[in-house]
1. Rank the residues Ser113, Ser172 as a footprinting-exposure proxy: fewest other Cβ atoms within 10 Å of their Cβ go first.
2. For a quick size check, give me the Cα extents of the chain along its three principal axes, largest first, whole Å.
3. Multiply the residue separation of Ile22 and Trp147 by 0.36 nm, subtract the distance between their alpha-carbon atoms, and state the gained length in nm to one decimal.
4. What is the fewest-to-most order of His56, His4 by other Cβ atoms lying within 10 Å of their Cβ?
5. Quick one: pull the percentage of alpha-carbon pairs in segment 2-83 with a separation above 20 Å.
6. Where a Cα-Cα gap under 12 Å defines reach, which aspartates and glutamates qualify for Lys34, not counting those fewer than 8 residues away within the same chain?
7. Roughly what would the spin-label model give for Glu68 and Glu123, points 7 Å off Cα along C-beta, in nm?
8. Hey, with R₀ at 30 Å, roughly what FRET efficiency would Ser172 and Ala218 work out to, going by the Cβ-Cβ distance, to 0.05?
Amino acid sequence: MIAHQAEALVLRTWPVQEADQIVSLFTRDQGKLKGMAKSAARSRRRFGGALEPMTHVVAHYVEKPRQELVRLDSCEILSSPLSQPVDYRRAAALAFYAEVLEETLPDHDPQDSVFRLALTVLEHTRTDSIWLPVTYFALWMIRLMGWMPDIERCTLCGRPFGNESAWFLAGSDGLVCGDHSHPASRALSPQSLAIAGRFFRTPIAGLVSEDWPPNRAADLRRFAFQSLERHLERKLRSTQALKA
């Protein structure tokens, strides 16, 4: 057996039997893994409040040869999403982060840049401000997973978008100009294309002083959601909650 201590984010849990839980963790050093937390529903000393989704913890676990699940012994909370008020919007944002990380990341594949992104958006996700961190996270996840198309020119003809809208189609990769758009395509405004460029050049801390109402970059958020769902080949439950 090998004992580990790892910085991690809790993604989700599944109840097993009466009090045990299977826990999905995104660890900084070993990537995503799943562990069995014995008596987690009863033990406040070992797990009290630490297994809520998107809780930042130090996880203590034991890895056994030829076993898929590690044995999760305890978690120490570094920061908890419950330390701030949680309303419907913030709960939906936290669920979105957890679902995207759970669905996109392969097991046992360290992704330090994704881990740092998750910590950054968690810091800035508040009840009165979810749209900037949600959009920022979704767009950066597409880029870090290698799914981000060129946002400056048409995928088909190479023409720069300039001050024109780009167009995207659910089920298709890339952004195209108006000449190559499909009747069912949706527009991505020049303003939103400029915001995407700023996201990739500017830390989120440099953007939070601006107003981010729900309608700002809503088309960019829609594009990011559709891109994630297309590559995952499934609908994300949390995006439906955010749209609501």
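1. Ser113, Ser172
2. The Cα atoms of the chain stretch 60, 39, 29 Å along the principal axes, largest first.
3. 42.0 nm
4. Ordered from fewest to most neighbouring Cβ atoms within 10 Å, His56, His4 come out as His4, His56.
5. 21
6. Excluding near neighbours in sequence, the set is Glu63, Glu68, Glu102, Asp107.
7. Going by the 7 Å Cα→Cβ label model, 3.6 nm.
8. Numbers: r = 20 Å, r/R0 = 0.68.
Taking R0 as 30 Å, the efficiency between Ser172 and Ala218 is 0.90.
Quick note: the coordinates plus some simple rules give every number you see, no bench work behind them. These numbers come from a predicted model, not from an experiment. Positions of Cβ are generated from backbone atoms using ideal geometry, with glycine treated the same way; all protein chains shown enter the neighbour counts.
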